[in-house]
Amino acid sequence: MTAPHDRTAVDLRDRLRAGETGPEELTAHYLDRIAAGNEALGAFVTVTPDLARARAAALAATGPDDTAVLWGLPTGDKDLTDRAGVPTGFGSRAFAGAHRYVPEVSSDVTQVLDAAGVVSLGKTAAPELGFPSYTESLAGPPARNPWDRTRGTGGSSGGAAAAVAAGLLPVAPGSDGGGSIRIPAAACGLVGLKPSRGLLPAGGGTDSLGGLVVHGPLARTTADAALLLEGLLPRAADGTVDHPRTLRTAAGPRGSYLDAAQRGQTPDGRRALHVGVSTFSAWEGAYDIVLGPEARTALDVAADTLAELGHAVDDAGPWDPDPGYAPAFRTLWMAGAAAVPFDDPERLGLLEPLTRWLVERGRAVPARALVEAVGALAAFERTMVARVSRYDAVLLPGMAMTPRPLGWYDAADPERNFAQQCEYTPYTSMINVCGLPAIAVPVHWTDPDDAAPAGLPMGVQLVGRPGGEHTLLALAAQLEDRLRWADRRPPVW
């Protein structure tokens, strides 16, 4: 008999609706998985079994709802989003102990997922305030990579990625302000989708500084990622998507994101597309950006496979670096840190060196410098969108290196730490600046060794035109059908 965690989220959704399993049964199964596996992985910082069982029982009592596309499906909340009555720790000692924060109202994105019918099992780990691209907070144990527990998961949705990769959850929501969905997906062998800016009414990026931060799905399969994306969209009483920037379709029929992921084609029926390949990074010239051999192999595997599938795959050609990008992004990132909601020196002293450095630098940014930075990034956005729009999608590396060992980042020198993050993940933040959709997919595994007997996953990104999620899901589905990444399991499975 196939265990629930060996099934896809789409399969679980279908079984729930058919009455072949129930919310209470699935909730109990995944709570048992978390109890058995979380201590070794650090995926969850808070587990809420009583709340989860009560929620599952309430859903079971009312039965499936056609507008609740994720009805009965277990998941977890990233510990940067609020759930009423559950502590939000923000990965920080500054929100623990005497400064513990328990919200009375859930975040908008949490409310949308609840309306879609999820059962939250707790809060997944995140780095301090979501700023680092690795999940190794001093507030708790690090999130460990299920493929090699001596390595990290990336960040900031590192706990969510560890949970899904290890089968502690079928799918999980994340948020992405500079790569925070795609980096953990690439490091943990998952599919991670950063939607277009403004696609999602809740967590769509329009309310964040520079429009950087959007919410999106982490999953083992393309179809599962599409299903969670459907759940992040609000629906009218008839089950149709109720958002002006989204195709108004019911969940399932042709035209939905899930349909694109299951058919491997766009809503207009196209399967063969034009894909450009690039190794461009906006951080070139500012830091030592080197595409490692494993990342190069992953990019080549993806390009070659797309060509074999019948796509027109072309070298996108050299793109001139923009010397204004790095200083402008640094200014914007630091200015975002300035909004930390407390000024007490003692409490600020609880922040980790990197975060404290970002806050101090951010609060010293003059208004004129911030305006100039926003203008410089807007100019970069126009140029980059034009580059990408020549193609149906552009293929980029996911990361420059293999998943980093725990403790690799310099904990004492913030400037060096920031440089290390840019050198490891030089291909992601520029996509947030541009507001473009991007999907990370695992296409290659390194050779096995003692620490990683199944090898380490290496992912790539497909970047689309604005609103191009259907195209990205179709391409990812075709790659998955050929490369069969969902059949792989980490050693902790």
### Task
Would you mind putting 463-474, 38-49, 168-179 in packing order, based on average other-beta-carbon counts within 10 Å, highest first?
168-179, 463-474, 38-49
### Query
What does the charge count near L479 come to, summing +1 for each Lys or Arg and -1 for each Asp or Glu among other residues with Cβ under 13 Å from its Cβ?
-1
### Task
Obtain the nm distance between the two label points defined at V371 and A386 by a simple spin-label model: each point lies 7 Å from its Cα along the Cα-to-C-beta direction.
2.5
### Task
Please give the residues of the range 396-427, grouped as numeric ranges, whose backbone N is less than 14 Å from a label point set 7 Å along the Cα-to-Cβ vector of D449.
402-406
### Query
What 222 nm value per residue comes from the helices of the chain, counting each DSSP H run with n ≥ 4 as -39,500 (n - 2.57) and dividing by all residues, nearest 500 deg cm²/dmol?
-11000 deg cm²/dmol
### Query
About its Cα centre, how strong a charge dipole does the range 4-487 have in debye, to the nearest 20, once Lys and Arg get +1 and Asp and Glu get -1 at the Cβ?
580
## Note on the structure
In the neighbourhood of L354 defined by beta carbon distances under 14 Å, the net charge of the other residues (Lys, Arg +1; Asp, Glu -1) is -2
### Query
Expressed as a rounded percentage, what relative contact order does the range 327-376 have, with Cα pairs under 8 Å and six or more residues apart?
57
### Query
So what's the net charge close to T428: Lys and Arg +1, Asp and Glu -1, counting the other residues with Cβ under 10 Å from its Cβ?
+1
#### Entry: Extension reserve of the D344-E308 stretch, reckoned as 0.36 nm per residue once the Cα distance is removed
7.0 nm
### Message
Shape verdict for the range 357-426, please, from the Cα gyration tensor: rounded (a/c under 1.5), prolate (a/b greater than b/c) or oblate.
### Response
oblate
### Task
Return a whole-number percent for the relative contact order of the range 4-487, with Cα pairs under 8 Å and 6 or more residues apart as the contact set.
17
### Protection proxy ranking, peptides 207-215, 289-297, average beta carbon neighbours within 10 Å, highest first
207-215, 289-297
### Message
Just to be sure I understand the model, the point goes 7 Å from the Cα along the line to the Cβ. What's the resulting R17 to A36 distance in nm?
### Response
2.9
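Coordinate-derived values only; no laboratory data. For clarity, every value in this text was computed on a predicted model and none was experimentally measured. Neighbour counts are summed over all protein chains in view; Cβ atoms, including those assigned to glycine, are modelled from backbone coordinates with ideal geometry.
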